[in-house]
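K.L.:
One structure, pasted below without further comment.
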Ligand code: SF4
């Protein structure tokens with residue numbers, strides 16, 4: 001059965017991408033329910049976040065890079081200061097990698113900082129310092145994947161592209177499809193649901209819905225506009241069979257649970273980099289860090305790996321420093 005997107009106002013050409021997908025979606029009713037929910041003011045606090053209060057592409061890209069693996073609360077604290085220090089790709093490109101790592105310290109997953117630095121350098125060299133505006137050109141940039149590229153087009157330029165992050169992936173699988181989705185299906189469905197008017201507002205609303213109501217564990221269906229409007233297939237399936245599988249589990253875009261942070265290599269890598277931000281990692285300091293952390297071999301292995309990734313530089317005397 002082909003998809004029936006029961007609404008002519010979707011972006012031209014995209015609905016056709018769903019011809020092979022067995023969904024039957026009343027897009028207009030779905031949007032009406034979601035927009036009424038955001039209009040009620042439940043997301044007002046999120047609209048005030050620094051990356052939502054702007055459409056400046058660089059500010060949006062920096063926020064998306066941070067939000068990929070850091071909580072909204074932490075990014076809300078750090079995003080304005082990072083932009084004040086590096087207000088343009090050119091400003092970031094001019095800084096050393098070490099300076100960028102220092103400014104990133106505490107946000108975790110530090111490779112994102114070096115990738116952002118590489119991206120800024122490319123943007124200056126190849127795009128005159130301005131982020132490109134086409135999907136293929138964005139996807140050529142270091143660290144920019146399908147999600148980030150589309151988020152930039154939608155949130156900075158109000159372009160009608162579907163943006164599928166973990167939150168949206170859950171809403172699509174549970175409410176709209178009622179089953180697990182492949183990456184292609186999730187993207188096709190997201191694209192087909194985008195309204196011609198207000199694509200940015202729609203993209204943000206779907207994310208908010210996933211974050212505030214359609215949470216990974218224990219979704220708050222009682223306060224979800226799609227439950228109220230009778231538009232959630234997962235809720236309907238659960239009404240028929242209380243043991244229906246959650247379609248969001250393993251669906252495209254949704255994330256698997258992360259392994260424990262405490263005691264992990266990830267935690268120790270972060271500690272090594274924070275120490276390097278304060279000054280050179282000389283052998284006595286490395287020995288200090290090694291005590292109680294699995295010993296010197298583990299610290300040496302992680303420091304070497306950080307150096308191989310370009311996050312530290314060996315000083316040739318058994319120590320390391322920021323690049
Ligand atoms: S009704 Fe429940 S499962 Fe369905 S979209 Fe809303 S929160 Fe998610």
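Computed from the coordinates by the stated procedures, all read-outs in this text should not be read as laboratory data. This structure is a prediction, so every number in the text was calculated from the model and none was measured. Glycine gets a Cβ as well: all are built from the backbone with ideal geometry, and neighbour counts include every protein chain shown.
K.L.:
Between residue 111 and residue 32, what's the calculated FRET efficiency when r is the beta-carbon distance and R0 is 56 Å? Round to 0.05. All intermediate terms of the calculation are to be shown ahead of the outcome.
P.N.:
Values: r = 42 Å, r/R0 = 0.75.
That pair, residue 111 with residue 32, gives E of 0.85.
K.L.:
Rounded if a/c is under 1.5, else prolate if a/b is larger than b/c, else oblate: which is the chain, with a ≥ b ≥ c the root eigenvalues of its Cα gyration tensor?
P.N.:
Values: a/c = 2.42, a/b = 1.73, b/c = 1.40.
Here the chain falls in the prolate category.
K.L.:
Still on this model: So how do 75, 228 line up by other beta-carbon neighbours within 10 Å, fewest first?
P.N.:
Details: 75 22, 228 14.
Result, fewest neighbours first: 228, 75.
K.L.:
Oh, and also: Estimate the FRET efficiency between residue 274 and residue 77 by the formula 1/(1 + (r/R0)^6), using the beta-carbon distance for r and 22 Å for R0, to the nearest 0.05. Mind showing how you got there, number by number?
P.N.:
On the way: r = 16 Å, r/R0 = 0.74.
About 0.85, to the nearest 0.05.
K.L.:
Follow-up question, since we're still on this one. For segment 56-157, what class follows from the C-alpha gyration tensor (a ≥ b ≥ c being the square roots of its eigenvalues): rounded when a/c is under 1.5, otherwise prolate if a/b is larger than b/c, else oblate?
P.N.:
Taking the square roots of the gyration eigenvalues as a ≥ b ≥ c, segment 56-157 is oblate.
K.L.:
Using only Cα atoms, find the angle between the long axis of helix 183-193 and the longest principal axis of the chain, and express it within 0 to 90 degrees, rounded to the nearest 10.
P.N.:
Value to nearest ten degrees: 60.
K.L.:
Relative to the longest principal axis of the C-alpha atoms of the chain, give the angle of the C-alpha long axis of helix 199-212, reported between 0 and 90° and rounded to the nearest 10°.
P.N.:
Orientation of helix 199-212: about 80 degrees from the principal axis.
K.L.:
Another one. Test of understanding: in a Gaussian network model of the chain with alpha carbons linked when under 10 Å, which of 296, 186, 130 would top the mean-square fluctuation ranking?
P.N.:
296
K.L.:
So which residue, out of 108, 145, 295, gets the largest mean-square fluctuation from a GNM of the chain using Cα contacts under 10 Å as springs?
P.N.:
Among 108, 145, 295, the largest mean-square fluctuation in the Gaussian network model of the chain belongs to 295.
K.L.:
Which of 143, 41, 162 moves the most in a Gaussian network model of the chain with Cα springs under 10 Å?
P.N.:
Fluctuation is largest for 41.
K.L.:
Using alpha carbons only, how many degrees (0 to 90, rounded to 10) separate the axis of helix 111-127 from the longest principal axis of the chain?
P.N.:
80 degrees
K.L.:
Compute the distance in nm between two label points, each set 7 Å from the Cα along the Cα-to-Cβ direction, one at residue 122 and one at residue 321.
P.N.:
Output for this residue pair reads 3.0 nm.
K.L.:
As a footprinting exposure proxy, order 86, 155, 261 by other Cβ within 10 Å, with the fewest listed first. Spell out each step's value before the answer.
P.N.:
On the way: 86 22, 155 25, 261 10.
With the sparsest Cβ surroundings first, the list reads 261, 86, 155.
K.L.:
Another one. Name the shape class, rounded, prolate or oblate, that the alpha-carbon gyration tensor gives for segment 265-321, where a ≥ b ≥ c are the square roots of its eigenvalues, rounded holds for a/c under 1.5, and otherwise prolate holds if a/b is larger than b/c and oblate otherwise.
P.N.:
Details: a/c = 1.36, a/b = 1.18, b/c = 1.14.
Rounded is the answer for segment 265-321, as its axis ratio a/c remains below 1.5.
K.L.:
Mind sorting 220, 262 by how few other Cβ atoms lie within 10 Å of their own Cβ, fewest first? Could you put the intermediate results ahead of the total?
P.N.:
Numbers: 220 11, 262 6.
Taking fewest neighbouring Cβ atoms as first place, the list is 262, 220.
K.L.:
What value, in deg cm²/dmol to 500, does the helix sum -39500 (n - 2.57) over DSSP H runs of n ≥ 4 give at 222 nm once divided by the residues of the chain?
P.N.:
Details: 17 runs with 168 residues, N = 323.
Helices in the chain give a 222 nm mean residue ellipticity of -15000 deg cm²/dmol.
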